[in-house]
Ligand code: SF4
């Protein structure tokens, strides 16, 4: 999925250094012992870097259409044990559209077998979409089953970290998870940090740990504390901004002029996600988009049809063509989606006609 870079690297660097410089200044104000040194790369184990790589991405316009997606989201759990105001999963609104559930393990195995029969190995299997994946009691078995297929470049997940415990940590690491994104809540306990530390300490050379939080409502002091608490127990760390990424879900408090990673907002017409990723919901249905929290962009059902037929099917093709012909505003969810402006890092707008030609 490492598609091409859209946000100029220099812009990102400038914004990142501005963010960090602001943070450093505030740390000076707190007059802690060796405050600035603490968050420098030299003394902190983690890299201060967004969870998404903006560098070294495949130039999507040279490879699409793809026979196999680079990235597949597969949701072990549509249920979440948190209630974050910026996420629709915990909202009552979401319950109007779907019944939260854990994925049936037999169905999960069938889906992994199905994914394994795609022409190419899938670069990343992300065991996450709408809910908290560690709520699934068979999460380690899910990781193991996918890893044993040998058909995924990496298996990763995103968790709020609340369920990490020594026993589960070891099970997940042993199962072979390659990367874990920990989305740290704005308030957490010393026990929470201890459990993340346990995972980190036991996952060396096995599983990368990327930690992030959302900083818009944090004071400078709590940002410093976050860096101090997690800077030595993660491989990457970052303080992100709120983003109105979920179509038709209102996120309050978004800074209108700044993207998730501190980058400038950029208008993009063609959604690159449609060309390199696909999302499987916990009930086995397939959504065109990982942000389809309402399950209203459904393309098919893996209980009844193959992943390959959905990936190559007419419905997804129609979505792609609508985007390439600059008509995404006519699509209900895509038309109001702000993910491309606030959080996407690929831009294939300039190649739309060329790609369209290759699809015909
Ligand atoms: S435009 Fe937004 S809603 Fe549509 S597929 Fe892309 S990310 Fe998803």
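Nothing in this text is a laboratory measurement; each read-out follows from the coordinates by a stated rule. Bear in mind that the values here come from a model prediction, so they are computed numbers and not experimental data. Virtual Cβ from ideal backbone geometry, glycine too; neighbours counted across all protein chains shown.
Quick one: angle between helix 190-202 and the longest Cα principal axis of the chain, in degrees between 0 and 90, rounded to 10, please.
Its long axis makes an angle of about 70 degrees.
With springs only between Cα atoms under 10 Å apart, run a GNM on the chain and tell me which of 161, 253, 56 wobbles the most.
Of 161, 253, 56, the most mobile in the Gaussian network model is 56.
At 7 Å along the Cα-to-beta-carbon direction for both residue 269 and residue 165, put a label point, then send me their distance in nm to one decimal.
5.3
Per residue and in cubic angstrom, what volume does the convex hull of the Cα atoms of the range 226-360 have?
Here the figure is 151 Å³ per residue.
In square nanometres and to one decimal, what's the mean projected area of the convex hull around the Cα atoms of the chain?
17.1
On a 0 to 90° scale, report how tilted helix 314-324 is relative to the longest principal axis of the chain, with both axes built from alpha carbons and the result rounded to the nearest 10.
Its long axis makes an angle of about 60 degrees.
Sorting 179, 92 on the 10 Å Cβ count, fewest up front, what's the list?
92, 179
Going by alpha carbons, how many degrees (0 to 90, nearest 10) lie between the helix axis of 9-30 and the longest principal axis of the chain?
Helix 9-30 and the main axis of the chain meet at about 30 degrees.
Contour minus end-to-end for residue 358 and residue 336, with contour as 0.36 nm per residue of separation and end-to-end as the Cα-Cα distance?
Full extension from residue 358 to residue 336 adds 5.2 nm.
To make sure I understand, if each residue's beta carbon is the centre and we count other beta carbons within 10 Å, what order do 264, 132 fall in, fewest to most?
Listing 264, 132 from fewest to most nearby Cβ atoms yields 264, 132.
Among DSSP beta bridges whose residues both lie in the chain, state the antiparallel percentage, nearest 5.
Within the chain, antiparallel bridges account for around 20 percent of the total.
Starting from 0.36 nm per residue, how many nanometres of slack lie between residue 187 and residue 308 once their C-alpha separation is accounted for?
Full extension of this stretch gives 39.3 nm more.
If each residue's Cβ is checked for other Cβ atoms within 10 Å, how do 87, 337 rank with the fewest at the top?
87, 337
For the range 290-319, list residues with backbone N below 17 Å from a point placed 7 Å from the Cα of residue 106 toward its Cβ?
302-305
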